[in-house]
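Have a look at the structure below before the remarks.
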Amino acid sequence: MKIGIKFQLIAFTGCLLFAVIAFLSTSVLNGVKTYQESQIVDTLFAQKDLFELYFSDVYRQDGDSDKEILDFTGSVFDKTWLRNIPASLYDTKGEMLSGFSDDSSTDKNDEKANMIQSALAGQVVYREYDSVVYFYSPIKYKENTIAILELKYSVTEKNKFYVNIQNMFFTIGSAALLFGIIFGILYFSKITRDIYTMRNSVENIQKGDFKKVKIISRKDELGELSSGLIAMSNTIEKNIKDLQGERDSLSLAVSKLEIMGKQQKEFIGNVTHEFKTPITTIKAYGDLIGMYPEDLNLITEGTTKISKECDRLTSLVERVLNLSVLEKYDFEIQTIDVNLKEALNDICDRLSGKARRNNLEMTWSLSEVVINIDEESLRHICVNLIDNSIKYNKENGSINVECYREGDFGVIIVEDTGIGIDEVNVKKVFDAFYRVDKHRSRDRGGAGLGLALVKKLVERQNGEITVTSEINVGSKFVIKFPVVEN
Ligand code: ADP
């Protein structure tokens with residue numbers, strides 16, 4: 001069974017107070033009693049001594065040893081000093097000679113007779129009955145006990161005084177005990193409230209509910225304990241947060257690794273597939289030429305096809321290598337300040353012939369913008385985009401290239417009025433080996449690697465590329481690079 005600390009403290013204080021009060025009261029009351037008793041005994045002995053003195057004096061005066069004790073008693077009880085304490089005299093047979101006989105109980109009379117006998121044997125004896133102390137002392141003459149003196153001392157007043165003090169101690173003691181317990185309840189309630197607050201805080205730390213951990217403001221050990229608890233809770237909370245953060249980044253890294261593994265598998269599958277097609281064609285033509293060495297037409301067609309497939313293979317190898325190098329290695333790039341107007345003018349100039357040959361109109365409108373970029377990468381990006389605009393255009397279509405400054409960015413736009421890309425495919429055009437129309441792309445020597453490479457190159461130069469497209473209307477590629485301030 002669990003006994004609460006509050007109850008324990010109050011019970012302990014109550015018991016301690018009770019013990020202290022009881023000890024103090026008993027000690028004081030015992031002291032009073034002992035003092036009263038010694039006072040009574042001293043008074044009785046003094047009275048006895050006085051009586052004995054008078055007695056020996058009177059006897060010496062008379063000088064008659066045979067004089068009846070009775071004569072003496074007659075004279076002695078006239079003395080006022082003897083009336084202070086009622087006294088009686090008994091002869092050696094225990095019979096009262098003079099004094100006050102009282103009509104008391106047989107028990108008391110028996111006890112009195114016993115005490116007289118003890119006095120006759122030479123002892124001084126006394127005992128209290130009904131608030132009266134009975135005192136017996138032998139009276140001697142020439143070594144012989146000739147009578148017994150009885151003194152009756154009333155202790156009613158003294159007993160009353162004792163009872164009053166006893167009652168006073170009881171009342172004050174009870175009040176002190178009650179007051180102590182009430183004060184204890186109030187004082188310990190505050191302490192136990194704080195202890196319970198800390199216990200609840202510990203439970204909340206156990207549950208991980210750190211917001212509910214409360215501080216208590218005290219300038220003692222409990223206050224220090226509470227501050228320690230808060231500090232501990234903060235450390236645990238921080239450690240848990242750190243661990244959670246690490247766990248999150250670890251699981252993010254794991255999922256990234258999983259995605260990368262998957263992408264790598266797909267990439268290898270795609271590469272294998274892309275390589276197989278031209279190799280199969282080359283092999284087939286090689287075999288056919290071997291089988292029919294005299295067929296000149298076949299030889300002409302075969303060599304053309306083989307050469308075309310070899311070109312495809314070369315461009316494929318180049319792109320795959322570029323892409324994987326960009327993916328894997330963080331090689332240094334040689335960036336220089338490039339005036340986009342000049343660079344794009346040169347590229348457009350060179351590609352306009354190809355556009356013309358494909359019956360396409362190519363225009364460009366360029367403003368002065370300087371960006372810091374690797375020139376070769378810029379060339380690769382722009383050539384790829386313009387080349388795609390030519391490849392995926394329509395008869396008599398057009399291509400427009402622009403560059404201008406927009407805020408802190410240099411913007412390049414390559415726009416065409418080509419076949420366009422639908423909403424679903426436009427999100428995937430930057431994925432490696434992704435082609436909207438496989439046949440059309442293949443016919444034009446594409447393997448779906450151009451835009452993947454472009455995106456990688458743009459991002460490596462701190463730029464971003466976006467595309468908007470509408471099927472049968474055209475596509476618009478927008479690239480932004482940070483400008484170089486003059
Ligand atoms: P590819 O070598 O096949 O051209 P790209 O990565 O350059 O590969 O382009 C991916 C696919 O995006 C292309 O196969 C094509 O279907 C589509 N595409 C790219 N540019 C354009 C464009 N300007 N207009 C329409 N479709 C385009």
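The values are calculated or read from the model by the stated rules, or taken from the named source; none is laboratory data. Here the structure is a predicted model, which is why all the values come from computation and not from measurement. Counting neighbours? That spans all protein chains shown, and the Cβs are built from the backbone with ideal geometry, glycine included. Surface accessibility is based on the protein's heavy atoms, side chains included, excluding ligands, DNA and RNA. Shrake-Rupley method; radii C 1.70, N 1.55, O 1.52, S 1.80 Å.
Which residues, taken from the range 351-375, are in contact (Cβ under 8 Å) with a residue 24 or more places away in the chain and in a helix (DSSP H, G or I)? So that I can check it myself, show each step before the final result.
Here is the first cut: in the range 351-375, the residues in contact (Cβ under 8 Å) with a residue 24 or more places away in the chain are 351, 354-355, 358-375.
The answer is 351, 354, 355, 375.
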Tell me the residue from 313, 252 that is out of contact with any Ser or Thr (no Cβ under 7 Å at 6 or more places or on another chain) and surrounded by 14 or more Cβ atoms within 10 Å (Cβ to Cβ), please. 313
The lone exception for residue 323 - which of (1) modelled with pLDDT of 90 or more; (2) under 27 Å from residue 432 (Cβ atoms) it fails: (1)
Conditions (1) at pLDDT 95 or above; (2) part of a helix (DSSP H, G or I); (3) more than 16 Å from the ligand (Cβ to nearest atom): number failed by residue 304: (1)
Of all residues in the range 459-478 being surrounded by 22 or more Cβ atoms within 10 Å (Cβ to Cβ) and in contact with an Asp or Glu (Cβ under 7 Å, 6 or more places away or on another chain), which is nearest to residue 268 (Cα to Cα)? 475
Restricting to the range 142-151, give me the number of residues that are in a strand (DSSP E or B) and without any contact (Cβ under 8 Å) to a residue 24 or more places away in the chain. 1
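Conditions (1) modelled with pLDDT of 95 or more; (2) within 16 Å of the ligand (Cβ to nearest atom); (3) crowded, with 19+ Cβ neighbours inside 10 Å, marked per residue:
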| site | (1), (2), (3) |
| --- | --- |
| 350 | no, no, no |
| 360 | yes, yes, yes |
| 382 | yes, yes, yes |
| 386 | yes, yes, yes |
| 391 | no, yes, yes |
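Quick grid of which residues meet (1) within 18 Å of residue 484 (Cα to Cα); (2) over 60 Å from the mean Cα position of the chain (by Cα):
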| residue | (1), (2) |
| --- | --- |
| 381 | no, no |
| 404 | yes, no |
| 407 | yes, no |
| 413 | no, no |
| 416 | no, yes |
| 436 | no, no |
| 439 | no, yes |
Considering every residue within the range 290-297, establish whether at least one is part of a helix (DSSP H, G or I) and open to solvent by less than 50 Å² (accessible area, probe 1.4 Å). no
Residue 217 is checked against (1) at pLDDT below 90; (2) in contact with a Gly (Cβ under 8 Å, 6 or more places away or on another chain); (3) outside any loop (DSSP other than H, G, I, E, B) and fails just one. What number does that condition carry? (3)
For the range 410-432, how many residues are within 11 Å of the ligand (Cβ to nearest atom) and either aromatic (Phe, Trp, Tyr) or not in a loop (DSSP other than H, G, I, E, B) (or both)? 6
Does residue 238 meet the test of being free of Cβ contacts under 8 Å to residues at least 24 places away in the same chain, in a helix (DSSP H, G or I), under 30 Å from residue 319 (Cα atoms) and not aliphatic (A, V, I, L, M)? no
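If you scan the range 186-221, which residues turn out to be among the hydrophobic types (A, V, I, L, M, F, W, C), over 21 Å from residue 238 (Cα atoms) and either buried (at least 16 other Cβ atoms within 10 Å of the Cβ) or under 9 Å from the mean Cα position of the chain (by Cα) (or both)?
At the first step, the residues of the range 186-221 found to be among the hydrophobic types (A, V, I, L, M, F, W, C) are 186, 188, 191, 195, 198, 202, 205, 210, 213, 215-216.
Applying the additional criterion that residues be over 21 Å from residue 238 (Cα atoms) yields 186, 188, 191, 195, 216.
Matches in the range 186-221: 188, 195, 216.
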Any residue in the range 432-445 that is at pLDDT below 70 sitting within a Cβ distance under 9 Å of a residue that is open to solvent by 50 Å² or more (accessible area, probe 1.4 Å) and more than 6 Å from the ligand (Cβ to nearest atom)? List the pairs, counting only those 6 or more apart or interchain. 445/308; 445/311
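Select the strands (runs of 3 or more DSSP E) contained entirely in the range 65-141, then report the ones holding at least 2 residues which are modelled with pLDDT of 90 or more and either over 16 Å from residue 48 (Cβ atoms) or not hydrophobic (A, V, I, L, M, F, W, C) (or both). Spell out how you get there, then give the answer.
Details: elements: 87-90, 96-98, 125-129, 132-141.
Because the criterion is at least 2 residues that are modelled with pLDDT of 90 or more and either over 16 Å from residue 48 (Cβ atoms) or not hydrophobic (A, V, I, L, M, F, W, C) (or both), the strands (runs of 3 or more DSSP E) in the range 65-141 that meet it are 125-129, 132-141.
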